[in-house]
Amino acid sequence: MKLITSLDKNLFTPWLWIAFEAMQGVKVKDLKKHEMPKGVRDAIIQGLITVGQGKETTEVQINVMTDALIYEIKNNYQGFTLNEIKLAIDSGCKNKLIEITKLTQPVVSLVNLLRFLKLYREGVRAETIALTNKIETERENEVNELERIERIKAFEAEIELALVMNAKEKESIPMGVKSAYYRHLDSIGRVTLSLEEKKSIFDIAEKIVNEDVRSKPYNPNPFIDRGHEKNKREKHVKELAQAMAFDII
């Protein structure tokens, strides 16, 4: 379970918050055998008191019910905490999970206790987990957005420093970096070059790249992907043009 702070409490209904708090702590699968009986037995006794079965149920019956319930919990509810077991039984006995009149009598029996656990898992627990995941996802998205904004601010500060460099200093900036600077400035409307100026710069970049390609010996290798090479050259032309444009803005 991811961490939810007290600041998020107002996003839960009181009922879901109780369930959320019950879900915290050691899970049944991590408990040792001797750590379970008291908690489960106490939950059963509290249920007997709640529905008025306390006087009719013997210690032997309670012990048998406790052992049988622990067996079922260990096999089918390993992800629960003991507090969830108590909450599920208490909620069932208090009419919060199912109308008691719909249950077989007596209310506190192994069959009904298992039904309470099942209803709790499929109802309030599932709803609590879904809400918790939603809150955590929204929180992570907010954090990611803040980090993205901070990265953009740092990048823009870097660009501003580059913009005041002289021509000699700009030569030390890698072409790919200058290209990225230009694309960002263009995306936020900071590039004032006309379409004609942009085309002229592109034509010069294309000429430089093509001359560079022609200066290299022809490779007749039939395994070379000519389409890929063409796309790579076009990408190089575009990147060079953007870097050249950055140098003059």
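No value in this document is a laboratory result; all are computed from the given coordinates. Not measured: the values here are computed from a predicted model. Cβ coordinates were reconstructed from backbone atoms using ideal geometry, including for glycine residues, and neighbour counts include every protein chain displayed.
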Provide LEU103, LEU240, LEU11 in ascending order of the number of other Cβ atoms located within 10 Å of each residue's Cβ, fewest first. LEU11, LEU103, LEU240
For region 6-143, with only Lys/Arg (+1) and Asp/Glu (-1) charged at the beta-carbon, what is the dipole magnitude about the Cα centre, in debye rounded to 20? 360
Most positive-pole-ward Cα, ALA22, ALA126, VAL60, against dipole of the chain from beta carbon charges: VAL60
To test your reading of the geometry: what angle, between 0 and 90 degrees and rounded to tens, separates the Cα axis of helix 37-51 from the longest principal axis of the chain? 70
Sorting LYS170, LYS9 on the 10 Å Cβ count, fewest up front, what's the list? LYS9, LYS170
Out of LEU195, LEU31, LEU114, a Gaussian network model of the chain with alpha-carbon springs under 10 Å gives the largest mean-square fluctuation to LEU195
What do you get for the angle between helix 195-214 and the principal long axis of the chain? Use alpha-carbon atoms, 0 to 90 degrees, nearest ten. 80
Per-residue [θ]222 nm for the chain (sum of -39500 (n - 2.57) over DSSP H runs n ≥ 4, rounded to 500): -22000 deg cm²/dmol
The exposure ranking of VAL26, VAL124, VAL164, VAL237, fewest beta-carbon neighbours within 10 Å first, is VAL164, VAL26, VAL237, VAL124
Kindly express, to the nearest 10 degrees and within the range 0 to 90, the angle between helix 82-93's C-alpha long axis and the longest C-alpha principal axis of the chain. 60
